[in-house]
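Working notes, beginning with the structure itself.
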Amino acid sequence: MATKQQLDAIALLKADHKKVDGLFEKFEAAKSADKKAQLAREICTELTVHTMIEEEIFYPACKGQIEEDLLEEAYVEHDGAKLLIAEIEAGSPNDAYFDAKVKVLSEQIKHHVKEEEKRSEGMFAQARDAGLDVDALGEQMAARKEELLAKFKSDGLPTPRTHTFTEDRINHAA
């Protein structure tokens, strides 16, 4: 049974959504390049960890339990975000388009969150209705999240791996 401190999977993911939304708001209000760089790093780290725990634990648990097109869209949305995260991580607030990339990432994430959190037909609602053990998933996800945050703090963010985009198309799109 989950302890009072332990969040179920959906509550954990919603808490992540809320935290990142707040970070995007702080980024928009930030004036100094140093503050923007720090917030952008934090946004990228939080989103990288979030997408990894969803893709490693939550989405596989949802497979066959919720509408397949919701899962497919979620993976594509994650992959689009990963490309922007890589661009933001490689850049700095002094670069052209840096603020625009963070803004577009924010808009993409807001759309993604809306899809997941929609009341009756969203991914989270469908997962609950399907009877997924959200307490057990939450426990797994919290442990993995802690592990990833520690790893990324010491090693930096990994190169993103996409599920739905092919590298050849990305590298030859120019």
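The values are calculated or read from the model by the stated rules, or taken from the named source; none is laboratory data. None of the values given here were measured: they were computed from a predicted structure. Note that we place each Cβ from the backbone using ideal geometry, even for glycine, and neighbour counts take in every protein chain shown.
Can you tell me which residues in the stretch 37-55 are surrounded by fewer than 22 Cβ atoms within 10 Å (Cβ to Cβ), of a type in the set (A, V, I, L, M) and either farther than 22 Å from L70 by Cα or modelled with pLDDT under 95 (or both)?
Within the stretch 37-55, A37, L39 qualify.
Can you run down the residue pairs with Cβ atoms below 8 Å, 6 or more apart or on separate chains, where the first is in the stretch 24-36 and free of Cβ contacts under 8 Å to residues at least 60 places away in the same chain and more than 13 Å from L105 (Cβ to Cβ) and the partner is surrounded by 14 or more Cβ atoms within 10 Å (Cβ to Cβ) and of a type in the set (K, R)?
Listed by first residue and then by second, the contacts come to A30/K36.
Could you run through the stretch 76-123 and say how many residues are surrounded by fewer than 15 Cβ atoms within 10 Å (Cβ to Cβ), more than 15 Å from the chain's Cα centre (by Cα) and farther than 24 Å from Q38 by Cβ?
Final tally of qualifying residues: 4.
Only one of these conditions is not met by F58: (1) within 15 Å of E139 (Cα to Cα); (2) surrounded by fewer than 21 Cβ atoms within 10 Å (Cβ to Cβ). Which number is it?
With (1) within 15 Å of E139 (Cα to Cα); (2) surrounded by fewer than 21 Cβ atoms within 10 Å (Cβ to Cβ) applied to F58, the lone miss is (2).
Between residues in the stretch 50-63 that are within 16 Å of L157 (Cβ to Cβ) and aliphatic (A, V, I, L, M) and residues that are at pLDDT 95 or above and surrounded by fewer than 18 Cβ atoms within 10 Å (Cβ to Cβ), which pairs lie under 7 Å by C-beta distance while being six or more apart or on different chains?
I53/R144
Go through the stretch 82-96 and count every residue that is in contact with a Phe, Trp or Tyr (Cβ under 9 Å, 6 or more places away or on another chain) and of a type outside the set (D, E, K, R).
Here is the first cut: in the stretch 82-96, the residues in contact with a Phe, Trp or Tyr (Cβ under 9 Å, 6 or more places away or on another chain) are 82-83, 87-88, 91-92.
Narrowing the set further to residues that are of a type outside the set (D, E, K, R) leaves 83, 88, 91-92.
Counting residues in the stretch 82-96 that are in contact with a Phe, Trp or Tyr (Cβ under 9 Å, 6 or more places away or on another chain) and of a type outside the set (D, E, K, R) gives 4.
Out of D16, D69, which single residue is more than 14 Å from the chain's Cα centre (by Cα) and either closer than 22 Å to Q126 by Cα or not in a helix (DSSP H, G or I) (or both)? Walk me through how you get there before you give the answer.
Working: D16 fails: more than 14 Å from the chain's Cα centre (by Cα).
It is D69.
Is there any pair linking a residue in the stretch 129-147 that is over 14 Å from T51 (Cα atoms) and among the acidic types (D, E) to one that is part of a loop (DSSP other than H, G, I, E, B) and modelled with pLDDT under 95, with Cβ under 8 Å and at least six apart or on different chains, and which?
Within 8 Å, the pairs are D135/M1; D135/A2; D135/Q6; E139/A2; E139/Q6.
Write out, first by first residue and then by second, each pair whose Cβ atoms fall under 6 Å of each other, whose residues are 6+ apart or on separate chains, and whose first residue, in the stretch 99-124, is under 12 Å from K14 (Cβ atoms) while the second is surrounded by 15 or more Cβ atoms within 10 Å (Cβ to Cβ) and of a type in the set (D, E, K, R).
Every condition considered, the pairs that remain are G122/E116; M123/E116; F124/E116; F124/E117.
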